[in-house]
Amino acid sequence: MSIKITRAAKLSRIGSTPRSFAAMAEYLPDSVIKSLTSAQLAEMIDALWTCAGDAKAIAAREAIESGRVWDAKRGVSRDLAPLA
């Protein structure tokens, strides 16, 4: 991990969860990392984290609205039986 990324992790809200921080940082192109300060990287990674959480909530809500749920144990989407 570069010095800049290490500094960004210390400034980031999710920096205390290293695997989550690293997962978000992996999506940033090297050109972006080089062009931003550590503080800007921390802000961007935190925004990506928020976006990922929001997108997950939207996907779950849409799945339920369409009569589906995710079965994490089996790794498949399941149709909900209609309530009588």
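The values are calculated or read from the model by the stated rules, or taken from the named source; none is laboratory data. All values reported here derive from a predicted model rather than from experimental measurement. Here the Cβ is made from the backbone with ideal geometry for all residues, glycine too, and neighbour counts use every protein chain on show. Surface areas here come from the heavy atoms of the whole protein model, side chains and all, with no ligands, DNA or RNA. Shrake-Rupley method; radii C 1.70, N 1.55, O 1.52, S 1.80 Å.
Some notes on this structure:
- All positions within segment 49-67 that are within 21 Å of Arg19 (Cβ to Cβ) and open to solvent by less than 100 Å² (accessible area, probe 1.4 Å): Thr50, Cys51, Ala52, Gly53, Asp54, Ala55, Ala57
- Looking only at residues in segment 52-69 that are small (Gly, Ala, Ser) and over 17 Å from the mean Cα position of the chain (by Cα), the one that is modelled with the lowest pLDDT is Ala63.
- Identity of the residue in segment 5-28, part of a loop (DSSP other than H, G, I, E, B) and free of Cβ contacts under 8 Å to residues at least 24 places away in the same chain, that ends up most open to solvent (accessible area, probe 1.4 Å): Tyr27
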